[in-house]
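Throughout, read-outs are computed from the coordinates displayed, never taken from laboratory work. Remember, it's a predicted structure, so these values are computed and weren't measured experimentally. Cβ sites come from the backbone with ideal geometry, for glycine too, and all protein chains shown count toward neighbours.
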Ligand code: MN
């Protein structure tokens, strides 16, 4: 059974508290959605604002294969704005629970049905595809819900959708609800929310019950605890449900996940399935050893399947096999004694409660192997001026391949100004700071500051640390040691 996917990242996803996308950002996401094979893109809600309409029109003009929809209430004012955007169709959202009908809309079931039917007539008269979404369907009286759907189909609705608006279904009740709607003769979609962490499970149960389309967002972003997570749902269908498939290009999943995280500023938790930082990372010795012998021992799918790479993490729980393959990755070959010595030194560091960064690993390995890497960048002087009246300003003197460079920059804060001043050197202006983490060791204001950063250049990611009594020095030191590492090979 082929399952259709409606992506609502640009509508329900954008309703994530604090998220607002520009027309250009929406277009970039929509382009990736088209590339990955999404069937229906809900591009926004046309009535929201002139900027929103500009976004939707911009997406429409691309001539995508995906059907482009706008969210719409069953009101002609909403539908007129959708028509102005020239969309293919509407996601017509009609609340069906008594709670929503009485307390939110202050109307009656009879009036609601009339509103819904008139709206569908109006849409169909103007050539729009209609997906009729019953809002709060999971808390609606079943017979009434079914009559809304039946009326909608008589008036020409092309598809219907069951919305679990506040995420209260369970896999059992989801299956039952969809099973009871089986005799409906247009495609049925499922729209779940993740308030109890069950959105993906409920969506899969709905498919088993008879739904043939699901709504989801990239990374599961959305109101409150979010919507059904696209990547989890697609991979579960692909790997775990035998009789179902989607037309999604799975290899591009990580790519689109990263883009949406970056543009929305909603970063992904490390332990998130499929796309989280740790989803294909291994630290434990037993696991790493198994993975090296046969990756199926501790991975239910290969990282390459979703466009990722496996990662062995250096730390307290690692074993010598994992360490050796990590050392090989950074271009070092070691004998048995050297491996054991590096292994012991890292365990010592980890036992002190420290995160072992790539630079730590390099320094420890260099010491054991007695390699002297000449750092290409050295910090000479650093001066930072910050206060409450002027913009923080930093000037640095650094030596890069024996050339002395003087640079100055401003920033939002003193650390930002200092890093900006270092970054202005052309040779590493393409190095991006992707993570910045500060810890005070001990506790008082005289504590040592431990800064751990992650830098990215192309697809190469390197972590580094700086520990100093001064937060700015610690940050710059971490940054420079990271750049030295990233420029090494
Ligand atoms: Mn929703």
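Things worth noting here:
- Shape summary: segment 202-289 maps onto an equivalent ellipsoid whose semi-axes, from the alpha-carbon gyration tensor, are 23, 19, 12 Å in decreasing order.
- Angle in degrees between helix 109-125 and the longest Cα principal axis of the chain, rounded to the nearest 10: 80 degrees
- For segment 1-93, the convex hull drawn through the C-alpha positions has a volume of 100 cubic angstrom per residue.
- Segment 111-134 and segment 463-487: distance between their alpha carbon centers, rounded to Å: 60 Å
- Taking every DSSP helix (H) stretch of at least 4 residues in the chain, weighting each as -39,500 (n - 2.57) and dividing the sum by the residue count yields a mean residue ellipticity at 222 nm of -11500 deg cm²/dmol.
- Binned Cα-Cα distances of segment 340-393, short to long, each 10 Å bin given as a whole percent: 19, 31, 21, 20, 9, 1
- For segment 122-198, the percent of C-alpha pairs falling in each 5 Å distance bin, counted from 0 to the bin holding the largest distance, reads 3, 15, 27, 24, 15, 9, 4, 2, 0.
- Percent of Cα pairs exceeding the 22 Å cut-off, where the set is segment 296-447: 61 percent
- Remark: segment 281-369 is approximated by an ellipsoid whose semi-axes, taken from the C-alpha gyration tensor as √(5λ), come to 23, 13, 12 Å, largest first.
- Antiparallel bridge percentage (DSSP; both residues within segment 4-264; nearest 5): 5 percent
- Applying 0.36 nm per residue to the separation of residue 338 and residue 273 and subtracting their alpha-carbon distance, the gain on full extension is 19.8 nm.
- Measuring max minus min along each principal axis, the C-alpha atoms of segment 377-488 give extents of 37, 28, 23 Å (largest first).
- Convex hull volume per residue for segment 4-264, taking Cα atoms only, in Å³: 115 Å³
- At 1.306 mPa s and 10 °C, Stokes diffusion of the chain via Kirkwood alpha-carbon radius, µm² per second: 62 µm²/s
- Exposure proxy ranking, count of Cβ atoms within 10 Å, fewest first, for 81, 436, 149: 436, 81, 149
- Degrees separating the helix 336-351 axis from the principal Cα axis of the chain, which is the longest one: 70 degrees
- Once the chain from residue 195 to residue 320 is taken as fully extended at 0.36 nm per residue, the excess over their C-alpha distance is 40.8 nm.
- Looking at the chain, the DSSP beta bridges with both ends there are about 45 percent antiparallel.
- Inter-part distance where segment 319-338 and segment 282-299 are each reduced to a Cα centre, Å: 16 Å
- Paramagnetic label zone (point 7 Å from Cα along Cα-to-C-beta, residue 434; backbone N under 18 Å) in segment 198-242: 219
- Diffusion coefficient, µm² s⁻¹, Stokes-Einstein with Kirkwood Rh over alpha-carbon pairs of segment 78-152 at 10 °C and 1.306 mPa s: 125 µm²/s
- Distance between segment 44-72 and segment 341-398 - C-alpha centres, whole angstrom: 48 Å
- Between 0 and 90°, nearest 10: helix 230-240 axis offset from the chain longest Cα axis: 90 degrees
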